[in-house]
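Encoded as structure tokens, the structure appears first; notes follow it.
Nothing in this text is a laboratory measurement; each read-out follows from the coordinates by a stated rule. These numbers were taken from a predicted model, which means no experiment stands behind them. Cβ atoms come from the backbone with ideal geometry, glycine included; neighbour counts cover every protein chain shown.
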Amino acid sequence: HSEAGIEFLQGMFARLKKAGRFSKATRRATFGFFVTQPLVLIPYKRWRFKRRHGYYPPGFLALSPTRRCNLACPGCFEGGNSTDELSLETVSRIVTDANGMGVYLFVLIGGEPLCWPPLFDLLERFPSCTFGIYTNGTLVTKAMADRFAALGNGQLGFSLEGFEEQTDRRRGAGVFRKVLESMDICRDAGVHFGYSVTVTRDNNDLVVSDEFVDLMMAHGCFDGWYYQYMPVGCAPDASLIPDPSQRERRRQRLAELRRTKDINLYDFVNDGPLVGGCLCAGRYYLHINAAGGVEPCAFYPFAADTIRDRTLVEVLESPFFKAIRAHQRETENLLAPCPVIDHPEWLREAVAAGNARPTQPTAALLLDGMATPLDANAAAYRAIADRVWKEELAR
């Protein structure tokens, strides 16, 4: 898997040549993300943190500043109270504390981040930071794109379900065409952006087809992110999880696309071999929801602490997060690292050990109501993953 990682990084840096179409500020921010941050801003702070605490800090943080959204997509992973919201001062405090650890990358999800009024104030306040912003794409205007281009440190990820039929079925009539229009506006303004897909049993093969990826590239996407459906949030449904053979087929297909397409592609659950396994619980990232709850991952809807009551260091050293990281060290097969869908028994054990509480109304189903189908799916996938790991990747 180290060879695959080297090949992946080589492709990612080679594609920086496409940054020439970005605005001047975006080119400067992209240079900072790939050069200044990892070589100048980050290393000493990470080393200093490890010397003090005995472990490295996360590499990035995910934040949901608001649960508000202008759409009402069935099955949205964000299943909380729509009135929850973090203030600009709270988010600024989080970012400042994280900067002290050497964290300069922040991923904003939601809700819809473009519904959060202080968004541009945050980007202006922290010009040395990079903010990845996942959006449904329906609120983007030329004026907004011009502002992103002028600031440079906001990278947009447009959420889709596939083509027009799949996207509009879930997100509403006209959304697909509006997203493509928003992509074109951002491309013409020189904004860094890509696409994001929730992969289900129904669209698994479609979203890694040549036709789909080529369409995204034609509209200016620099990156593509694939997030396998997780049975959390509104109306969770374990039957939507891609079956084990689909997941493995997608992994192979993305490896092929990385060799043949001029675009950076990432798979949140299948790229364990590239990043050393699961990233959650502070091993490399964590999620702070709109109520301030600190969750191991955006798809792991439990929290033992809130950012209002605890510092980031206190959360990282909590029994809950320590229990999760202990399980991560037990992972031998990096193709199956996820505690939600690959090792659901680990999730149940960590929640109990850390006295964590559900952060969504349906989260408790992961502990009991959906335990049987999740365990069955995990066992079936691990049978495939173990064979592939031994035959192809364990070196």
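Values computed for the structure shown
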| item | result |
| --- | --- |
| The range 262-343: translational diffusion in µm²/s, Stokes-Einstein, Kirkwood Rh over Cα pairs, 4 °C, 1.567 mPa s | 97 µm²/s |
| Value in Å of the Kirkwood radius, where the chain supplies the Cα pairs that are averaged | 21.3 Å |
| Under 5 Å, built H, 5+ apart or other chain: amide partners of residue 295 | 287, 288, 289 |
| Estimated [θ] at 222 nm from DSSP helical runs (n ≥ 4, -39500 (n - 2.57)) normalised by residues in the chain, nearest 500 | -12000 deg cm²/dmol |
| 5 angstrom amide H check on residue 199, placed H, neighbours 5+ away | 227, 228, 229 |
| Residue order, fewest to most beta carbons within 10 Å, for 192, 53, 343, 219 | 53, 219, 343, 192 |
| Paired Rg and Dmax values of the range 11-63, which use every Cα atom, in angstrom | 14.4, 42 |
| 284, 44 arranged by Cβ crowding within 10 Å, fewest neighbours leading | 44, 284 |
| Per-residue ³J(HN,Hα) for the range 28-40, Karplus 6.51 cos²θ - 1.76 cosθ + 1.60, θ = phi - 60°, Hz, x for Gly and Pro | 4, 5, 5, 4, x, 5, 8, 10, 4, 5, x, 9, 10 |
| Mean Cβ neighbour count within 10 Å, used as a protection proxy, ranking 106-113, 163-170 highest first | 106-113, 163-170 |
| Fraction of antiparallel bridges per DSSP, the chain only, in percent to nearest 5 | 20 percent |
| Largest-first ellipsoid semi-axes for the range 53-129, taking √(5λ) over the Cα gyration tensor eigenvalues, angstrom | 25, 15, 10 |
| Using distinct alpha-carbon pairs, which all enter the 1/r mean, Kirkwood radius of the range 245-395 in Å | 16.3 Å |
| Neighbour-count ranking [beta-carbon atoms within 10 angstrom, fewest first] of 362, 66 | 362, 66 |
| Most to least packed among 273-279, 336-342, 251-257 [average Cβ atoms within 10 Å] | 336-342, 273-279, 251-257 |
| Inverse mean reciprocal Cα-Cα distance (Kirkwood Rh) of the range 165-291, Å | 16.1 Å |
| Alpha-carbon spread of the range 105-248, three principal axes, descending order, Å | 45, 30, 28 |
| Fraction of alpha-carbon pairs over 20 Å apart in the range 28-164 - percent | 50 percent |
| Integer Hz, Karplus 6.51/-1.76/1.60 couplings in order for the range 184-191, x for Gly and Pro | 4, 4, 5, 4, 5, 7, x, 8 |
| Intensity falloff of the range 147-204 expressed as log10 I(q)/I(0), Debye formula with alpha-carbon point scatterers, at q = 0.12, 0.19, 0.21, 0.30 Å⁻¹ | -0.32, -0.70, -0.79, -1.17 |
| Under 5 Å, built H, 5+ apart or other chain: amide partners of residue 108 | 63, 132, 133, 134 |
| Close Lys-Lys pairs in the chain, where close means Cα under 26 Å and separation is 8 or more or interchain | 11 |
| Karplus (6.51, -1.76, 1.60) ³J(HN,Hα), θ = phi - 60°, over the range 362-374, in Hz, Gly and Pro reported as x | 9, 4, 4, 4, 5, 8, 9, x, 10, 4, 5, x, 5 |
